[in-house]
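As C-alpha cells, the structure follows; a few thoughts come after it.
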C-alpha cells in the first residue's frame, strides 16, 4: 500500500504539457571535454564525455555530444533495417541508458529547463536561471581563435574559474553556468573535480532547400521507443521536446530512487516496450557537481 501511495503522489505531480518557449536556431556550437570526479574513492577514474553547447540568438542547449552521435548511429541502423524488412520489423542491440541531463537556457526570460531521460520517457524541470555573482578579471587568453577573458565565482558549493568570449554576446555557458557578457568556453572548479575543457567551435550554416520529405512517422515512433524523443526535429533547432512530461525536481528524485530500487517497476509504469528485464546502471556519486554550502 505504501508503495502504491508513493506512485500515486508522484504521478499526480506530473503534467503532460510543457511551458512553451520560442524556438531558436543554433548558429554556433562549442565543444567541451567534460570530466567529473563522481567517486572520490576512485580519483584515477573520473567520469568523462564529450559535450556540446548549441547557441542561438537568444538561447542555448547543452547536451552530450557522445549521445547525439549514438542516436544518429541508431537512426542509420534502423533506416537500413527498415529498407530491407518487408514487414517493417527490426532487431537492434541498443543498451538502455541511465539518467541523462540536458539544459536549455533562456537568459532574456531568466529561465532554465533541465531535460532528463529515463528509459523511454522524457521529463523536464523548469526553474529560474540561477544568478551567479561573477568577478571579471583582467586576464585574457586565446582558445582556438577566440579571444577570451577570465572570471571567477562561487557557485553551488564550488569555486569556479571561467573563460568567456565577449565576441559571442549571448550570456550562456555549459551546464547551469551563465551570466557573463559572452559565451563561457571553458570552466573548472578550484579542485579540478568538475571541468568543462574547451574543445573547439563549429559554425552552423542552416541548409536552405525546398520543402523536403516528410518525416518517416514509423521511424520516429521506433526511435522514441529507444528514448530518442526528438528524432523528427533538426538538431540545430533549440526547442524542448513537445511531448516531454513536466515535473518538479523533488518528484524526479523520487523517480530516480524508484528506478534504482526496481527498474522493471518503473518500466511497467512507463509502458516500456523494449528488451526485458531492464538493467539500469546508476553510478556511485559521492561527489555531486552541486555541493551543499558549508
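Peptides 70-79, 121-130, ordered by how many other C-beta atoms sit within 10 Å of their residues on average, highest first, read 121-130, 70-79.
Using 0.36 nm per residue and subtracting the Cα-Cα separation, the extra length available between residue 167 and residue 154 on full extension is 2.2 nm.
Full extension of the segment from residue 43 to residue 142, taken as 0.36 nm per residue of separation minus the current Cα-Cα distance, would add 32.7 nm. As a calculated quantity, the FRET efficiency between residue 27 and residue 261 at R0 = 45 Å, using C-beta atoms, amounts to about 0.55. Residues 31, 135 in ascending order of nearby Cβ atoms (within 10 Å, fewest first): 135, 31.
Shown for 293, 116: other C-beta atoms within 10 Å of each C-beta, ranked fewest to most, produce the order 293, 116.
Coordinate-derived values only; no laboratory data. All values derive from a computational prediction rather than experimental measurement. All Cβ positions, glycine included, derive from the backbone under ideal geometry; neighbour counts span all protein chains shown.
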